[in-house]
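The structure under discussion appears below in the form of structure tokens.
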Amino acid sequence: MSVSATLEESNIAAANPRGRVILASLIGTSVEFYDFYAYATAAVLAFPTLFFPTGDPTTALLASFATFGAAMVARPIGAMFFGHFGDRIGRKGTLVASLLTMGIATFLIGLLPSYATVGWVATLMLIVLRLAQGFALGGEWSGAALIATENAPAGRRGWWGTFPQLGAPIGFIIANGVFLVINTVWPGSFLAWGWRVPFLFSAVMVIIGLWVRLRLVESETFRNAVKADVIAKLPLAAVLRRNWKGVVLGTFYMLATYVVFYLMTTFTLTYGTKLPTDAAAAAAEKAGTPFSASAYVPGLGIPYTHFVLMQILGVIFFGVFTLISGPIADTIGRKKLMVGVTVAIIVFGGTFDLFLLPHPDATFEGALVQAFLVIGFTLMGITFGPMGALLPELFPTNVRYTGSGVAYNISSILGAALAPIIAVALWSATDGDPWIVGVYLSVMGVLTLIALLIGRETKDVDFHNELA
């Protein structure tokens, strides 16, 4: 059966109800980011011990972060694969497939044996499933963004594009909330079995997400592309031939966003919870284990549960400002808003020592760290929110899934995959001083700012007429 005939059969309703569109774009990305954050948290707290027992804690942490980053390499491949079918046969079926792939991979991580049980085979299986997670997420974001923006009312595409973005803070809060409950209720069982629960729990969320998405119909925008007979046979080739500038600009648009995103979630968790050198030496002496101060990178020593609660408070600001950014982008334009917030991110990168250096007054130190998290996550919301509309607006309908997905996910390699690894390496090189990590963020912000100044304003792009 042809794509056109399939659409005629499935689209009895003229359009998707607004509530269904918002829920479908929101719940899918919430599930996907929940799964991703569950891994990110476990990569800090459990996986260095369970899957990378190198004997050196910093090396184990870097190895764990490397598998976290490996998924980012798989994301552009997923964007090309799911983008091909999303632009060829429609958004709905592709989104269902990406969500199902992510859910299965995450559930299986919760069933993995540890290195102590089966040796390197456990590490290999973890890497394979992590790659599957990245492959699925590569196809998820752009499809969710298109479900929202291609169904948006006139003049409100920026606001509707924030709903799939809102899945990131929601997924973070749920994933870390589950870890927090486990650490609080069963603190002695976390490494034994508690770390598995968040991964297994994802199955419930996936089922809900699938139920919502299966009730969607294709957008009028995609139906118009089918009727106009402009569906690309090879969307990736068409993007690279005619829309490569959009891919390059979109990649750099997202760069600072990705770096600040993963510094605020992954690096800060590591830096905030790792013990100061004196405390680590005392703990090692008490346990009767050898300790080398020269090989140890100190942190602030904030208890895990306390620090996660601080992060969750910051992520609430992330969610609020993600929603706020949409109407602002619809009013003043994407470019003005993004230039302003990127300049703020560059300045923020120069404040790491102001907020994150250890202080003899623990209360004052905690207040500074909390202020740092609130500011960082607020900037994250303002820069992340408009991306749900901005990146799709760089591409015509017949290659929009592929183009926006490839740009978003190539940037994930340059920004998200490398950010935790570079941050830990820089932090180690400065013996625990985070100032150089902030400089790294500022440099990435400058690259994003240059791209934004080169790019055009896109808020008035007509999705329905951009078919070729």
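The values are calculated or read from the model by the stated rules, or taken from the named source; none is laboratory data. Note that the structure is a prediction, hence the values are computed from the model and not measured. We place every Cβ from the backbone using ideal geometry, glycine too, and count neighbours over all the protein chains shown.
Restricting the first residue to segment 151-178 and requiring it to be farther than 27 Å from Met310 by Cα, which pairs with a second residue that is of a type in the set (Gly, Ala, Ser) and surrounded by fewer than 20 Cβ atoms within 10 Å (Cβ to Cβ) meet a Cβ separation below 8 Å and a spacing of at least six or different chains?
These pairs meet every condition: Asn151/Ala15.
Return yes or no: is Ala293 over 30 Å from Val347 (Cα atoms) and not charged (D, E, K, R)?
yes
Do you know which residues across segment 236-283 are β-branched (Val, Ile, Thr), over 19 Å from Phe179 (Cβ atoms) and touching a helix residue (DSSP H, G or I) at 6+ places or on another chain (Cβ under 6 Å)?
Val239, Val247, Thr251, Thr257, Val259, Val260, Thr277
Collect the residues in segment 219-239 that are modelled with pLDDT of 80 or more and of a type in the set (Asp, Glu), keeping them in residue-number order. It would help to see each step written out before you state the result.
Keep residues of segment 219-239 that are modelled with pLDDT of 80 or more, which gives 221-239.
Listed by number, the list holds a single entry, Asp229.
Here are Phe321, Phe307, Phe348: which of them is at pLDDT below 95 and not polar (S, T, N, Q)?
Testing whether each residue is at pLDDT below 95 and not polar (S, T, N, Q) leaves just Phe307.
Only one residue in Leu391, Leu453, Leu449 is at pLDDT 95 or above and either closer than 26 Å to Ile302 by Cβ or over 21 Å from the mean Cα position of the chain (by Cα) (or both), so which one is that? If you could, list the steps in order and put the result at the bottom.
On the way: Leu391 fails: either closer than 26 Å to Ile302 by Cβ or over 21 Å from the mean Cα position of the chain (by Cα) (or both); Leu449 fails: either closer than 26 Å to Ile302 by Cβ or over 21 Å from the mean Cα position of the chain (by Cα) (or both).
Just a single option satisfies the conditions, and that option is Leu453.
I need every pair where a residue in segment 133-144 that is in a helix (DSSP H, G or I) has its Cβ under 8 Å from the Cβ of a residue that is of a type in the set (D, E, K, R) and modelled with pLDDT of 90 or more, sequence separation at least 6 or different chains.
From segment 133-144, the pairs are Ser142/Arg400.
Any residue that is under 17 Å from the mean Cα position of the chain (by Cα), under 23 Å from Thr251 (Cβ atoms), in a helix (DSSP H, G or I) and of a type in the set (Gly, Ala, Ser) - is there at least one of those in segment 103-114?
Checked against the condition, which is being under 17 Å from the mean Cα position of the chain (by Cα), under 23 Å from Thr251 (Cβ atoms), in a helix (DSSP H, G or I) and of a type in the set (Gly, Ala, Ser), segment 103-114 yields no hits at all.
List every residue pair whose Cβ atoms lie under 6 Å apart, where the two residues are 6 or more positions apart in sequence or sit on different chains, the first residue falls within segment 299-319 and is at negative phi, and the second residue, located anywhere, is of a type in the set (Lys, Arg) and in a loop (DSSP other than H, G, I, E, B).
Correct list of pairs: Gly299/Lys274.
Determine whether segment 324-340 contains at least one residue that is of a type outside the set (Phe, Trp, Tyr) and outside any helix (DSSP H, G or I).
The initial filter retains those residues of segment 324-340 that are of a type outside the set (Phe, Trp, Tyr), namely 324-340.
Still in the running and outside any helix (DSSP H, G or I): 333.
There is at least one residue in segment 324-340 that is of a type outside the set (Phe, Trp, Tyr) and outside any helix (DSSP H, G or I).
Here is a list: Thr268, Thr251, Thr273. Which entry is closer than 21 Å to Leu447 by Cβ, touching a residue at least 40 places away in the same chain (Cβ under 8 Å) and among the polar types (S, T, N, Q)?
One residue alone meets the criteria, Thr251.
Between Ala136, Ala192, Ala203, Ala168, which is more than 21 Å from the chain's Cα centre (by Cα) and of a type in the set (Gly, Ala, Ser)?
Of the residues listed, the single one that is more than 21 Å from the chain's Cα centre (by Cα) and of a type in the set (Gly, Ala, Ser) is Ala192.
Assess whether Val297 counts as being aliphatic (A, V, I, L, M), modelled with pLDDT of 95 or more and either assigned to a helix (DSSP H, G or I) or within 26 Å of Gly415 (Cβ to Cβ) (or both). Talk me through it step by step, then tell me what you get.
Details: aliphatic (A, V, I, L, M): yes; modelled with pLDDT of 95 or more: no; either assigned to a helix (DSSP H, G or I) or within 26 Å of Gly415 (Cβ to Cβ) (or both): yes.
When the stated conditions are applied, Val297 does not pass them.
Give the residue that is farthest from the chain's Cα centre (by Cα), with candidates limited to residues of segment 278-320 that are exposed (fewer than 12 other Cβ atoms within 10 Å of the Cβ) and of a type in the set (Ser, Thr, Tyr).
Ranking the qualifying residues of segment 278-320, first place goes to Thr289.
Can you pull out every residue in segment 99-158 that is of a type in the set (Ser, Thr, Tyr) and crowded, with 17+ Cβ neighbours inside 10 Å?
Answer for segment 99-158, where residues must be of a type in the set (Ser, Thr, Tyr) and crowded, with 17+ Cβ neighbours inside 10 Å: Thr101, Thr106, Ser114, Tyr115, Thr123, Ser142, Thr149.
For segment 365-468, list the helices (runs of 4 or more DSSP H) that sit wholly inside it and hold at least 3 residues that are crowded, with 23+ Cβ neighbours inside 10 Å, touching a residue at least 60 places away in the same chain (Cβ under 8 Å) and of a type in the set (Ser, Thr, Tyr); which are they?
Values: elements: 387-390, 400-411, 418-429, 435-454.
Filter on segment 365-468 gives 400-411.
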